Number of protein chains: 4
Amino acid sequence: MRVGVLTGGGDCPGLNAVIRAIVRKGVQEYDYEFVGFRDGWRGPLENATVRLDIPAVRGILPRGGTILGSSRTNPLNARDGIRRVEATLAEREIGALIVIGGEDTLGVAARLADEHGVHVVGVPKTIDNDLSATDYTFGFDTAVNIATEAIDRLHTTAESHMRVLVVEVMGRHAGWIALHSGLAGGANVILIPEQRFDIEQVCTWVTSRFRASYAPIVVVAEGAVPGDGDMVLKDGTLDSFGHVRLSGVGEWLAKEIEKRTGKEARTTVLGHVQRGGTPSAFDRWLATRFGLHAIDCVRDGDFGTMVALRGTDIVRVPLAEATARLKTVDPGLYEEVGVFFG
Amino acid sequence: MRVGVLTGGGDCPGLNAVIRAIVRKGVQEYDYEFVGFRDGWRGPLENATVRLDIPAVRGILPRGGTILGSSRTNPLNARDGIRRVEATLAEREIGALIVIGGEDTLGVAARLADEHGVHVVGVPKTIDNDLSATDYTFGFDTAVNIATEAIDRLHTTAESHMRVLVVEVMGRHAGWIALHSGLAGGANVILIPEQRFDIEQVCTWVTSRFRASYAPIVVVAEGAVPGDGDMVLKDGTLDSFGHVRLSGVGEWLAKEIEKRTGKEARTTVLGHVQRGGTPSAFDRWLATRFGLHAIDCVRDGDFGTMVALRGTDIVRVPLAEATARLKTVDPGLYEEVGVFFG
Amino acid sequence: MRVGVLTGGGDCPGLNAVIRAIVRKGVQEYDYEFVGFRDGWRGPLENATVRLDIPAVRGILPRGGTILGSSRTNPLNARDGIRRVEATLAEREIGALIVIGGEDTLGVAARLADEHGVHVVGVPKTIDNDLSATDYTFGFDTAVNIATEAIDRLHTTAESHMRVLVVEVMGRHAGWIALHSGLAGGANVILIPEQRFDIEQVCTWVTSRFRASYAPIVVVAEGAVPGDGDMVLKDGTLDSFGHVRLSGVGEWLAKEIEKRTGKEARTTVLGHVQRGGTPSAFDRWLATRFGLHAIDCVRDGDFGTMVALRGTDIVRVPLAEATARLKTVDPGLYEEVGVFFG
Amino acid sequence: MRVGVLTGGGDCPGLNAVIRAIVRKGVQEYDYEFVGFRDGWRGPLENATVRLDIPAVRGILPRGGTILGSSRTNPLNARDGIRRVEATLAEREIGALIVIGGEDTLGVAARLADEHGVHVVGVPKTIDNDLSATDYTFGFDTAVNIATEAIDRLHTTAESHMRVLVVEVMGRHAGWIALHSGLAGGANVILIPEQRFDIEQVCTWVTSRFRASYAPIVVVAEGAVPGDGDMVLKDGTLDSFGHVRLSGVGEWLAKEIEKRTGKEARTTVLGHVQRGGTPSAFDRWLATRFGLHAIDCVRDGDFGTMVALRGTDIVRVPLAEATARLKTVDPGLYEEVGVFFG
């Protein structure tokens, strides 16, 4: 049997651990051959491959990124895309295809499985941890550790100076990284995309913190937005705020807090640092087990499924579930954590 | 209401995070007062306390250890122990007692609850992760990260020299730390207390690894033992092996591997390094949520219970469950991981 | 003898290590008493002090920040400032004053010594490493390690995606942090305040790097500026660039590179993360030795001096030297490192 | 011109950084070709080589170990050794040979240069930092950071339990790693090979520390020995102590301290963990600059020299100096640090 493997979407610590586990078990126990498709769906679309065997996966466990490369190429948007993918799979005699990716990447996989009968197994991947079908996705723990370490360091300055420290972390649609790193780092305010924030409330927390003669640390997810849209407009900062990437919500917050409280504010924007480097032990464990179970799905002929974490078990769920519902932060959980604000 | 808090047994990263969460929520939301008992059960036994209020828990989130101190004192072994504990609780007007500890510490708590009607809430703590009532205990993730980082470093030497590298990690009765760190670190052999190992098999793995022109890394839990007791005896190394602490299983293995394979072997014994330092983000998250839910148990009058992790939820289980059954590594899981041996 | 100690200016990992060494040796070996002045020169100016004895310095060695607090208060700018400082020193019966700080803080110390005969010993402190009188200042190594680790993480993305990654690090007037972390991190472009950069040249390096099918990493000191001022003006981005803090040179660079090369660019702004957290071993060693030698200066009655590092030796230099000349990156050294650009 | 490069002796973080710098500058600026000799002197002895060009050094900067491999092979001990080395150099048309290694490896280089006119440039390498010709060697800072981090973690237990914690670190002949990490980690006792220790004095320090209700941390270099040899003999522990590697001085100390003070003691043996993993920023900076200057020596025809660090400058010294004198810890420096003992 020849098995294809591809990784799509943004990179995420643990991808290489998945690939290694698939190949090690597939070759050693099931005697499979492997074809690595290059750069996500671009690989099958353009028949671009990389060698994928035991020597190719040696030493990659602790390395971030993906030896297969990645892209956001979507065959559904390419002319004749699906047909070309099928042609490649046929030509390469691919008996099963393991697709490691997030919502978009797996959405293509689900359609190929449903509508074209391709033998697909999915492995969930999102650094934002926002897939409802699994307790956790790999990469998330690493990102939270990195953000927490940064917040830890800011406490030093918070103890010695009277400055507001704003940290912008990843999370466009879900606030998991902000919530976990903010809680773990002992932040005084955590702002997430799921709940529009009130800049006045933020300033109240900031001010009350200063009264305890301690400087406040504000953790904000990149996708968090203030509650009153008009305010932003009137403020004349729409331009910079509108171009979120160029002067993001972190900078905007720092400026507003300075204006409203009269306290100096400083911003840290972690950016891609959060998704790079070696995966945490938890992510390596999870990614490796995902890989081992994905290749078992192939052996069992259990296609159209995705591996997922439930408690400490790896289970199989229908691939369609993966993309069914975004897992956002529950208001109850956000409130639970709110005891530490201010 | 006045609430007592104590921490018993070996120290574990995350204890302070539990204490902080209990006090922050208890004071801010429920207006409770707190009494910290010093050094585990020694505190109520000898009426030894420490102040426990908001200022006392400031800044302790990222710090390992416990501000309350810890000990292995067991009131069941002290003359009039239980009666003296009750006397202290009465004198201090303690309405509820939150006990953070492992099997032994919680065993006393269960008995106080069952037989003496003391209002007890338990929080599980074991760095070895061997409590069956909860998916994970805090401290474990930190220990695994530390051991994994050590193994990562040894790969450098393994690539440059032709030496066998043995790492002895914690785990007297359960091999969780060895299994997780060994898998995450890409070890070639993992030995756990749950399965007696065959030194000949270990040497076969070591030798086959060398044939791939790569040096082998062997991770061994401190409680792992070879399968053939006689062999150890005849070998004349009983003395050193018998005194496990002085020249533990790591050293014994290194020596046996050298003798049998003719390859040089070097040992790393991590010891207490594994249980110290700042908790990982995961452990801070888990410990904080345990604390928040423990104080909610108090508010709900839900005594004789213990908080536990199930998936991503914090649940309540009977305190007796905590000590009912040791959670050891399942043979199936050990076999799953065995694909990476040799 | 009673000795006063103060720390001024921005915080810097290692300040507590200096304080601890001064107090430990001063108390144990010379039987001195200590007075801690709070918040830099504000302490003597407003007679604000903190207790400073052996218990006060216990456990502070690994902690960033300063237990004495810090500020940029300058008595030269306060009405009757110098006189008030002298009055406090007299009232407190301070026989010697150890001043730990950068150019500004030590400048006041030098003037007090020269013009008012105050018994001052200086300890150099600047995270930017830009004091010419000493080989290194503590805090710098820690900052370089943090920035290097961030760059290391970005390489993961650089290998998997085709994006330009810009990292803005500290350094308003001197490029030492950018130079050391950029070199250690394997950056493809390093931009420092000492040399106006040519945005066209930067884009050439970026483009040539892409041709090697590898994404470029650009490290830029916050004080680096493009060579052609007019270009910035005409470009219409003066506003955002003018407000450096709000959308600093990192963001500006990313935007320009995108516009000129058509490649996506992402920015990381490390900010205060670089000056927080536990000091590196090197910084603890250097800071501790500075403290030990500063208190020896007091014992020797060697006032108006500053301790400094020369090779592996701690030497004494006139306090005036400390502020005589900014140590900037030598063009020859910048060129030496340039072999790795592009 | 064709330049040979080899790395000999124990591995050391930074070796790859030296190699990369040599090749990058040699190829890009001087248009040299390179031959990598495999496994130290075994390479020229057995004519074993590896490709060494720009692609070969890509991405190796942050990686510990050496892409060339290493060994302790000494051509002086091999039959016809020197002649065979010369034969390989002639056959490969090697115009210059850069030798990266410690005392032994450079000793061979010096003899080849002096007696056989081989064009040799040396780069000093020893993780123990015991070469007198240079202020620091790369790898040392990394090892000290790793040991310091381990000691930091032990403080957690030291605060929570009443146990003596012993850490054995590298250093057979020189105590630099013990001294620097012990000082940086706030150890209460530091024992080095340069000064025979008095076990009674150690126990006095340990006991006095306990009186401050804090547990003591003892850092001991693997080469440290007690002052009274007879005591060891009479003690009956000669066997285990005699086989230093199997139950080293750390274990011996722990046992003696337990016996003499009645306090429990625990040991950590870091072993090869100290020489593995990614180099610190300082070591990458130093190693890279050594490489850049070594290839400049080749260009200048300045053979028989070794690069060295003096202050912040890279200088050239006669190769013979490298092995002239071991740099051990000065008694004055040890005494300076002694203020923190007990």
Every listed condition ((1) within 13 Å of chain B (Cβ to nearest Cβ); (2) open to solvent by 40 Å² or more (accessible area, probe 1.4 Å); (3) at pLDDT 95 or above) holds for residue D:217 save (2)
From the option list B:186, B:182, single residue qualifying as under 22 Å from residue A:283 (Cα atoms) and either in a loop (DSSP other than H, G, I, E, B) or in contact with a His (Cβ under 7 Å, 6 or more places away or on another chain) (or both) is B:186
All conditions in (1) within 22 Å of the chain's Cα centre (by Cα); (2) within 11 Å of chain C (Cβ to nearest Cβ); (3) surrounded by 18 or more Cβ atoms within 10 Å (Cβ to Cβ) are true of residue D:321 except (2)
So, residue B:177, is that one in contact with a Pro (Cβ under 8 Å, 6 or more places away or on another chain) and open to solvent by less than 10 Å² (accessible area, probe 1.4 Å) or not?
no
Here is a check on your reading of the model: is residue D:95 open to solvent by less than 10 Å² (accessible area, probe 1.4 Å), more than 14 Å from chain B (Cβ to nearest Cβ) and within 24 Å of residue D:317 (Cα to Cα)?
no
Selection over segment D:100-125 where residues are in a loop (DSSP other than H, G, I, E, B) and modelled with pLDDT of 95 or more yields a count of 3
- Query: Is one or more of the residues making up segment C:16-34 touching a Pro at 6+ places or on another chain (Cβ under 9 Å), of a type in the set (A, V, I, L, M, F, W, C) and under 23 Å from residue C:130 (Cα atoms)?
  - Reply: yes
Among B:329, B:298, B:315, the single one that is under 19 Å from residue B:7 (Cα atoms) and out of contact with any Lys or Arg (no Cβ under 6 Å at 6 or more places or on another chain) is B:298
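Rundown of residues vs (1) out of contact with any Cys (no Cβ under 7 Å at 6 or more places or on another chain); (2) open to solvent by 10 Å² or more (accessible area, probe 1.4 Å); (3) more than 14 Å from chain B (Cβ to nearest Cβ), yes/no style:
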position: D:142; (1), (2), (3): yes, no, no
position: D:146; (1), (2), (3): yes, yes, no
position: D:150; (1), (2), (3): yes, no, no
position: D:163; (1), (2), (3): yes, yes, no
position: D:167; (1), (2), (3): yes, no, no
position: D:171; (1), (2), (3): yes, no, yes
position: D:184; (1), (2), (3): yes, no, yes
position: D:195; (1), (2), (3): yes, yes, yes
position: D:198; (1), (2), (3): yes, yes, yes
Sole miss for residue D:133 among (1) within 14 Å of chain B (Cβ to nearest Cβ); (2) over 13 Å from the mean Cα position of the chain (by Cα) is condition (1)
Within segment C:245-288, residues open to solvent by 20 Å² or more (accessible area, probe 1.4 Å) and more than 7 Å from chain A (Cβ to nearest Cβ) come out as C:245, C:258, C:259, C:260, C:261, C:262, C:263, C:264, C:278, C:282
Of the listed residues (A:67, A:54, A:60), the one being within 14 Å of chain C (Cβ to nearest Cβ) and open to solvent by 30 Å² or more (accessible area, probe 1.4 Å) is A:67
The lone condition residue D:36 fails out of (1) open to solvent by 20 Å² or more (accessible area, probe 1.4 Å); (2) free of Cβ contacts under 8 Å to residues at least 40 places away in the same chain; (3) within 14 Å of another protein chain (Cβ to nearest Cβ) is (1)
Of (1) buried (at least 24 other Cβ atoms within 10 Å of the Cβ); (2) within 24 Å of residue C:312 (Cα to Cα); (3) of a type outside the set (Ser, Thr, Tyr), residue D:112 satisfies every one except (2)
Of the residues in segment A:71-105, those that are under 23 Å from residue A:326 (Cβ atoms) and β-branched (Val, Ile, Thr) come to A:73, A:99, A:100, A:105
Self-check item: Filter result for residue C:155 (assigned by TED's automatic domain parsing to the domain that holds residue C:266, closer than 17 Å to residue C:282 by Cβ, open to solvent by 10 Å² or more (accessible area, probe 1.4 Å) and in a helix (DSSP H, G or I))
Solution: no
Taking segment D:309-327 and the residues there that are touching a Leu at 6+ places or on another chain (Cβ under 9 Å) and of a type in the set (Lys, Arg), the one that is modelled with the lowest pLDDT would be D:325
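For (1) out of contact with any Phe, Trp or Tyr (no Cβ under 8 Å at 6 or more places or on another chain); (2) within 14 Å of chain B (Cβ to nearest Cβ); (3) among the small types (Gly, Ala, Ser), each residue gets a yes or a no:
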| residue | (1), (2), (3) |
| --- | --- |
| D:10 | yes, yes, yes |
| D:17 | no, yes, yes |
| D:28 | yes, no, no |
| D:46 | yes, no, no |
| D:49 | no, no, no |
Within segment C:200-211, of all residues that are open to solvent by 20 Å² or more (accessible area, probe 1.4 Å) and more than 14 Å from chain D (Cβ to nearest Cβ), the one nearest to residue C:326 (Cα to Cα) is C:201
The condition of being away from chain C (no Cβ under 14 Å), farther than 30 Å from residue B:181 by Cα, open to solvent by 40 Å² or more (accessible area, probe 1.4 Å) and of a type in the set (A, V, I, L, M) holds, among A:78, A:87, only for A:87
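The values are calculated or read from the model by the stated rules, or taken from the named source; none is laboratory data. On a predicted model such as this, the values are computed, not experimentally measured, just so you know. With ideal geometry, Cβ positions are generated from the backbone for all residues, glycine too; neighbour counts draw on all protein chains shown. These accessible areas exclude ligands, DNA and RNA; they are computed on the full protein's heavy atoms, side chains included. Shrake-Rupley method; radii C 1.70, N 1.55, O 1.52, S 1.80 Å.
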